[in-house]
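The values are calculated or read from the model by the stated rules, or taken from the named source; none is laboratory data. All values derive from a computational prediction rather than experimental measurement. Glycine also receives a Cβ, built like all others from the backbone with ideal geometry; neighbour counts cover every protein chain displayed. To get the accessible areas, we keep the full protein, side chains included, count just its heavy atoms, and leave off ligands, DNA and RNA. Shrake-Rupley method; radii C 1.70, N 1.55, O 1.52, S 1.80 Å.
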Amino acid sequence: MAPDLVLIHYTAMQTAQAALERLCDPAFEVSAHYLIGEDGRLWRLVDETRRAWHAGAGAWAGATDVNSRSLGVELANPGDAPFPLPQMRALETLLDAMAARWRIPPERVIGHACMAPERKLDPGPRFDWRALARGGRAIWLDPPTPARDGRGVAEPGATQAAARRAGYPALDTGLWDAPTLALAAAFRARFRPWEREAPAPLTLAGLAHLEAISRRWPATTATCLRV
């Protein structure tokens, strides 16, 4: 199907060469459309009209077969390091080209953890989403002014509802269970990277931030066309 979503990953490996060998080895059953090295070198691994196995189980905006509707970009990064400027510049150029070819809007450029919060962390809190958003390549919203009690614990059902409207996998338990805590962690890493506490419920300030994002960019699943 024609891609209408971009997923950004980190490789969680020490070098781009090691990641390249892994992505090109059929034994590992993993692939991505692109790999970008720390120095900005770009490898095209799978044609954009072909399905790559980079997303795995998860969902975004109600769509569960994310591999069939997304382009996967792997960034060579061990998972705990900053993303170098040459790498980010190469990513920006690539995102511009993909958006032009497939008309993918910035709100549909997401991280792997966004669609699979229970399994994945990438690209993590070190990734500069704000910089991408300044160039119109992703979304970012500064948090609203918190109320005096903004550090109180948010209600889990309200958190699940707001997250579902924003595109995150649907949850409706009304509990701060393990999947909902993972979802909160994914949201914090994406939009509130200054909050790096252990798995914990969203604060009231965090919920207000999530609700503001869900109102401004309510997630919809585009109709994919065959290519």
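Of note:
- Here region 172-227 is the region considered, the condition is being of a type in the set (K, R) and open to solvent by 60 Å² or more (accessible area, probe 1.4 Å), and the residue that is modelled with the lowest pLDDT is R226.
- Within the set A208, A158, A185, A170, the sole residue that is touching a residue at least 40 places away in the same chain (Cβ under 8 Å), small (G, A, S) and under 23 Å from I104 (Cα atoms) turns out to be A170.
- Counting only residues that are more than 21 Å from L94 (Cα to Cα), in contact with a Gly (Cβ under 6 Å, 6 or more places away or on another chain) and of a type outside the set (A, V, I, L, M), region 35-78 holds 1 of them.
- Residue in region 1-12 that is modelled with the lowest pLDDT, counting only those that are out of contact with any Gly (no Cβ under 9 Å at 6 or more places or on another chain) and either assigned to a loop (DSSP other than H, G, I, E, B) or over 18 Å from L91 (Cα atoms) (or both): M1
- Filtered by the rule that a residue be within 17 Å of W102 (Cβ to Cβ) and basic (K, R), region 1-57 gives R44, R50, R51.
- Per the listing V73, V30, the residue uniquely open to solvent by less than 30 Å² (accessible area, probe 1.4 Å) and β-branched (V, I, T) is V73.
- Counted residues, region 59-90 - those being in contact (Cβ under 8 Å) with a residue 12 or more places away in the chain, over 22 Å from A133 (Cβ atoms) and of a type in the set (S, T, N, Q): 2
- Some residue of region 151-167 being more than 15 Å from the chain's Cα centre (by Cα), open to solvent by 40 Å² or more (accessible area, probe 1.4 Å) and modelled with pLDDT under 95: yes
- Only listed residue being among the basic types (K, R), free of Cβ contacts under 8 Å to residues at least 24 places away in the same chain, surrounded by fewer than 18 Cβ atoms within 10 Å (Cβ to Cβ) and more than 16 Å from I36 (Cα to Cα), chosen from R119, R101, R134: R134
- Where a residue in region 27-52 is at positive phi and its partner, wherever it lies, is of a type in the set (G, A, S) and open to solvent by less than 70 Å² (accessible area, probe 1.4 Å), with Cβ under 8 Å and at least six apart: G40/A90
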